[in-house]
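Trainee: Submitted below is the structure of interest, expressed as structure tokens.
The values are calculated or read from the model by the stated rules, or taken from the named source; none is laboratory data. Worth saying up front: this structure is predicted, and the values here are computed from it rather than measured. Note: ideal-geometry Cβ built from the backbone for every residue, glycine included; neighbour counts use all protein chains shown.
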Amino acid sequence: MKMRLRLSLYFLLVICVVAGSSLISIQHTTENLFRSFIFSGDSEKAKIYATILADYYEENKGWQDLQSFLSEIPQIAFSGIDKRIHGEQGTLPISGQPEKTVSALLSDRIAVADKNGVIVADTARKILHTVHPASHLKYGIPIFAGSEHVGTVLVGSMIDSSISGINERFLSSIVTSLIWGILISAGLALFLGLIFSIHVTKPIVSLTGAVHHVAEGDLSIVVNAAGNDEIADLAKSFNRMIEELKRLENARKQIIADSAHELRTPVTLIQGTLEGMIDGVFPIDIPTLKSVHEETVRLSRLIEMLRELEIIESGKLVLSLETINVMDILQKAESLFASSAKEKDIALSVDPPDTLPLIIADYLRLSEVIYNLISNSIKYTPAGGRVRLRTKNDEKRAITCIYVEDSGPGIPADERERIFERFYRIEKSRSPDRGGRGLGLAIAREIVKAHGGNIAVTDSELGGAAFIIEMKAIS
């Protein structure tokens, strides 16, 4: 199910629940308030009846013929025999026309109980001469003749809790109006909810379409990442992912092209030599076979370096960690590369450290990195130059820095990041004619990263390049 439809259904569900619960609550509350209003009106009417009936009781010394008297109340009201009913000016003490007031009074059912609770009059003649429950009589208005309690009058809802027809219709009209109001509000809320869901899901729909394009191999797609919410963050992350995929795709193509180029040279030489031997162009002797063997060794070394790089980058490299004094590696490297440095008339030296540079690392792997850097420095430093090895402890950052510096041509600033990419070479000084494969620094970087360290290149005080390996120091 589409998210837009799902959100709309959620909105509809919430609106139905809220509207339904509101309708039930409002209807219940309205009915209770309306019943209270009717009861309050009946109580006011009953007070007027209580005054009339008190006079009746005093004049007749009892409740005889009360049933007939109730039908004569309109004439009594208009005759003005009871000033307490009509007021000082001869009118009922209720605003409006007295005829309508009396008619309103007499439109309700009236029941009168004596002091013992026996119904002595009932305009509906339904409960006449029965004993009315005390629980009902307590809602009526007591009738006093002087100070004597002689009875109780009940009007309308005091006798029967059911609502009269006219009041029922009035209440129904109120509830109907409330229902329509809630339905209109719910419809408006649903409409606004649909617009909101479209607005919210629009970037998600766009992002989904972009993902489908990427799945089909189209990396040119870019989504709108405007805004500061989570969806905008997702869009920005998607765009970054696309850029990274483009970079990886370009790198993949470049690796394939570079690998093909690197493999083509030894394979071509081997193929050409063997074909020459078959055709009788080259003699089948030891020197010729030796040249073929050298190319196969070169090819095997290249394949091995590619395999090693793949293992390291995939996180499958197993490190044998131990506590190492970096100076042990540097001093051993000095003795190993002394002869090759001497052949090129290059001064190779190791500066003594200020403090003992102890780190935790794989001795063989770290040695491989340092040897590779020293080999490169000797290779690209001209005769009469210098290669210097040294360490420095950075106590604030708790790291040990290993420096391999030379007085060679150096590395341009815009090339310093790219030299750690596989198969990348700097023109002229780093050409393949000088034996470089473009894999050594890539392997070195991955080994250092596997240790949790960092490797970078900068300018050296000697005038050439300075490779710096940063490793976490032991306190």
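Trainee: Which numbered condition in (1) polar (S, T, N, Q); (2) part of a loop (DSSP other than H, G, I, E, B); (3) assigned by TED's automatic domain parsing to the domain that holds L299 is the only one that N224 fails?
Mentor: (3)
Trainee: Among E275, E322, E308, which is in contact (Cβ under 8 Å) with a residue 40 or more places away in the chain, in a helix (DSSP H, G or I) and surrounded by fewer than 18 Cβ atoms within 10 Å (Cβ to Cβ)?
Mentor: Answer to the check: E308.
Trainee: Let me ask another. Would you tally the residues in segment 358-374 being within 19 Å of L348 (Cβ to Cβ) and without any contact (Cβ under 8 Å) to a residue 60 or more places away in the chain?
Mentor: 3
Trainee: Quick check, is S185 small (G, A, S), without any contact (Cβ under 8 Å) to a residue 12 or more places away in the chain and part of a helix (DSSP H, G or I)?
Mentor: Considered against the rule, which asks whether it is small (G, A, S), without any contact (Cβ under 8 Å) to a residue 12 or more places away in the chain and part of a helix (DSSP H, G or I), S185 comes out as no.
Trainee: Given (1) in a loop (DSSP other than H, G, I, E, B); (2) surrounded by 17 or more Cβ atoms within 10 Å (Cβ to Cβ); (3) touching a strand residue (DSSP E or B) at 6+ places or on another chain (Cβ under 8 Å), where does T355 come up short, assuming only one miss?
Mentor: Against the list (1) in a loop (DSSP other than H, G, I, E, B); (2) surrounded by 17 or more Cβ atoms within 10 Å (Cβ to Cβ); (3) touching a strand residue (DSSP E or B) at 6+ places or on another chain (Cβ under 8 Å), T355 comes up short only on (2).
Trainee: Pairs under 8 Å by beta carbon, first residue touching a residue at least 60 places away in the same chain (Cβ under 8 Å) in segment 15-36, partner not in a helix (DSSP H, G or I), six or more apart or different chains?
Mentor: F34/I163; R35/S161; R35/I163
Trainee: Working only within segment 128-147, note down all residues that are surrounded by fewer than 17 Cβ atoms within 10 Å (Cβ to Cβ) and farther than 18 Å from K47 by Cβ.
Mentor: L128, H129, T130, V131, P133, A134, S135 - these are the residues of segment 128-147 that are surrounded by fewer than 17 Cβ atoms within 10 Å (Cβ to Cβ) and farther than 18 Å from K47 by Cβ.
Trainee: In addition: Is segment 206-229 home to any residue that is of a type in the set (V, I, T), closer than 28 Å to F423 by Cβ and under 57 Å from the mean Cα position of the chain (by Cα)?
Mentor: yes
Trainee: Can S339 be described as under 20 Å from G408 (Cα atoms) and surrounded by fewer than 15 Cβ atoms within 10 Å (Cβ to Cβ)?
Mentor: yes
Each row is one residue, and each column tells you yes or no for (1) outside any helix (DSSP H, G or I); (2) of a type outside the set (S, T, N, Q); (3) within 29 Å of T201 (Cα to Cα).
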{"position": "L7", "(1), (2), (3)": "no, yes, yes"}
{"position": "C16", "(1), (2), (3)": "no, yes, yes"}
{"position": "S25", "(1), (2), (3)": "no, no, no"}
{"position": "F39", "(1), (2), (3)": "no, yes, no"}
{"position": "A50", "(1), (2), (3)": "no, yes, no"}
{"position": "D55", "(1), (2), (3)": "no, yes, no"}
{"position": "E58", "(1), (2), (3)": "no, yes, no"}
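Trainee: Please go through segment 407-442 and give me each residue that is at pLDDT below 85 and among the hydrophobic types (A, V, I, L, M, F, W, C), ordered by number.
Mentor: F423, I426, L439
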